[in-house]
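What follows is a set of notes on a single structure, which appears directly below.
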């Protein structure tokens, strides 16, 4: 069932940017396996379990984080339990799963949280002040001139000194591969992407307006550690977590102001299990033959699924082809283990195998 305001919000969005393809359908709980096949990727044989998931992943998307779960939301969504009281997303980022859950009316109330205060301030502005976000972003976007790469640096310096959340939005949209980087002090450090100008103001305006209409009046914003911002969660609620992966928290390639080790993730998950909470955790995986970390400890008793996230954009940039497989861990009782990699098959693709 979709939220009653969702159709109005999406009609506004789709009116400006029509979706090509079949009519949007509401996904039903559960997925139907329609096809299985073995593919060779980077020299290794991978067994895919294709599932038919009706519906579109083209929901409003204002914050284009690299690693956003927007494309995976139709695969994760059917695994979410019904009748959720409050939906928590304590590693907000692009909040793609919150937008998906709100559109499909999967919860009564939502909590968007993050340890980075400016990303929470940005989400608050998007929901509560969409006109301000629209106008300030348009001014920033139109202020850039071809060849003036110093403009990005000046906006970055202003943001780092003043913390204007709309300036952060511009930086995310314009930075290299939308791959945000912060230092330990919370200062944005990523460089400008010289190949593109970032999301156009018209599309940003449509996305922001749609998200505001979808979430206003039923979302709460919190700043703090992931365990602190979910302290009041109960077994009637649901927590979706997409924390920084090991590859961006350990070693040279640190990208976020707050690092998180796998031991800390496992300890936090254990606490949630002891409280009887329901949750889904997107955490690490592999690209081609490169595996980013060891699986979480089996003694946690989680259901570990592998989701096909598509071709690696990083590999494509250097002229290679590699598939990205992401891990999804579910609290006990939400799903049965699946052998192989779960891959989405759209209705029009399924007809080819009918």
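Working out 0.36 nm times the residue gap between residue 47 and residue 225, then minus their Cα-Cα distance, what length gain in nm do you get to one decimal?
Working: separation 178, 0.36 × 178 = 64.08 nm, distance 3.75 nm.
60.3 nm is the gain from fully extending residue 47 to residue 225.
For segment 141-196, count all C-alpha to C-alpha pairs, find those more than 17 Å apart, and express that count as a whole percent of the total.
Percentage above 17 Å: 28.
Report the FRET efficiency, 1/(1 + (r/R0)^6), for residue 267 and residue 129, where r is their Cβ-Cβ distance and R0 is 45 Å, rounded to 0.05.
Numbers: r = 37 Å, r/R0 = 0.83.
Taking R0 as 45 Å, the efficiency between residue 267 and residue 129 is 0.75.
Which of the peptides 146-159, 93-106, 259-272 is most tightly packed, and how do the rest follow, going by the mean number of other Cβ atoms within 10 Å of each residue?
Highest mean packing first, the order is 93-106, 259-272, 146-159.
Label segment 108-226 by shape, choosing from rounded, prolate and oblate, from the square roots a ≥ b ≥ c of the eigenvalues of the Cα gyration tensor; if a/c is under 1.5 it is rounded, and otherwise prolate applies when a/b is larger than b/c, oblate when it is not.
Oblate is the answer for segment 108-226, as a/c is 1.5 or above yet b/c matches or exceeds a/b.
Evaluate the distance, in nm, between pseudo-label points positioned 7 Å from the Cα of residue 200 and of residue 259 along their respective Cα→Cβ axes.
About 4.2 nm, to one decimal.
Only the coordinates and a few stated rules stand behind these numbers; no lab work does. What you are looking at is a predicted structure, and each value in this text was computed from that prediction instead of being measured. No Cβ is skipped: glycine too gets one built from the backbone with ideal geometry, and neighbour counts run over all protein chains shown.
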